[in-house]
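One structure is given below, encoded as structure tokens.
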Amino acid sequence: MDIKKKPCGAYMTNCYIVKIGAVEFIIDPGMGADVWVKENVTNPVAILNTHGHFDHVWSNSSLKDYYNIPIYAPKPDVFMLQNDPFGQGTPPSEADVEVEGDARFEIADIPIQYYFFPGHTPGCSAILIENALFSGDFIFQNSIGRVDFPYSSPEDMKASIRKFLQMKEDYIIYPGHGENTTVLTEQKSVGAWLNYI
């Protein structure tokens, strides 16, 4: 597996290209990500969204149209793709697959596992491909996603943190912003957030 990362747009949102064998997955294509993606993929098979915030889905529609590939997005966040609730001018996109909860897919014979971690958004999720956990805005290096946005839920985030603390595998975390970390590293400190949110 080969992983490429590009921080895109004003919020430096990480877009990822994951290549396994002859196929590629595009994860969270934000503002301006389409230009970089087109320069770096040859056979993309799906766009995977961790959640619906505009800085993670901005280039959904242009890449879907260009490559004729499906978009997978958490069902509770699909309205954000369609309706631009934050008024940012986000190009609307349609999810071909509305992911519900913890769901497993095989795309081009590659296992893709969604883990449902709501709180930052109603559908916020992490995506596991082999040993790489693409955490979107759920968890970062030494931090977690904000819960003071419209549609955020502090109580959901607390439940998601407790769920994360039960994970047994030490996956490498590829977050939506910032640098990589690991599950075990973040489990050492993330519980403290339960006292602050």
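The values are calculated or read from the model by the stated rules, or taken from the named source; none is laboratory data. For clarity, every value in this text was computed on a predicted model and none was experimentally measured. For neighbour counting, all protein chains shown are included, and Cβ atoms are generated from backbone atoms with ideal geometry for every residue, glycine included. Areas reflect the complete protein model, heavy atoms only, side chains present, ligands, DNA and RNA absent. Shrake-Rupley method; radii C 1.70, N 1.55, O 1.52, S 1.80 Å.
Within straight-line reach of Lys168, meaning a Cα separation under 16 Å, sit the following lysines at least 8 residues removed in sequence or on another chain: Lys188. Beta-bridge orientation, segment 38-171: approximately 75 percent antiparallel, per DSSP, counting only bridges with both partners inside. Taken over the Cα atoms of segment 1-55, the convex hull encloses 65 Å³ per residue.
For the chain, the Kirkwood hydrodynamic radius comes to 16.4 Å, computed from all pairs of different C-alpha atoms. Rounded to the nearest 20 debye, the dipole magnitude of the chain is 420 debye, with +1 charges on Lys and Arg beta carbons, -1 on Asp and Glu beta carbons, and the Cα centre as origin. Taking N as the residue count of segment 98-197, its C-alpha radius of gyration divided by 2.2 N^0.38 Å amounts to 1.02. Just check segment 5-89 against the gyration tensor rule for me: Cα atoms, a ≥ b ≥ c as the square roots of the eigenvalues, rounded for a/c under 1.5, and otherwise prolate or oblate depending on whether a/b exceeds b/c. Judged from the Cα gyration tensor, segment 5-89 comes out prolate (a/c at least 1.5, a/b above b/c). Distance distribution note for segment 57-145: the fraction of Cα pairs above 23 angstrom is 24%. Cross-link partners of Lys64 among lysines, defined as those whose alpha carbon lies under 30 angstrom from its own and excluding same-chain residues fewer than eight positions apart: Lys4, Lys5, Lys6, Lys19, Lys38, Lys75. Each of Met80, Met31 has its accessible area taken with a 1.4 Å probe; listed largest first, they run Met31, Met80.
Taking 0.36 nm per residue of sequence separation and removing the Cα-Cα distance, the Thr42/Gln166 pair yields an extension gain of 40.9 nm.
Largest GNM mean-square fluctuation across Ser59, Ser153, Ser125, computed for the chain with C-alpha springs under 10 Å, falls on Ser153. The 3J(HN,Hα) values that the Karplus relation (6.51, -1.76, 1.60; θ = phi - 60°) gives for segment 93-106 are, in residue order, 9, 10, 7, 6, 10, 8, 7, 10, x, 7, 10, 10, 10, 10 Hz. Gly and Pro appear as x.
Listed by number, the DSSP H helices of the chain that run 20 Å or longer by alpha-carbon position along their axis and have mean Kyte hydropathy of at least 0.0 come to an empty list.
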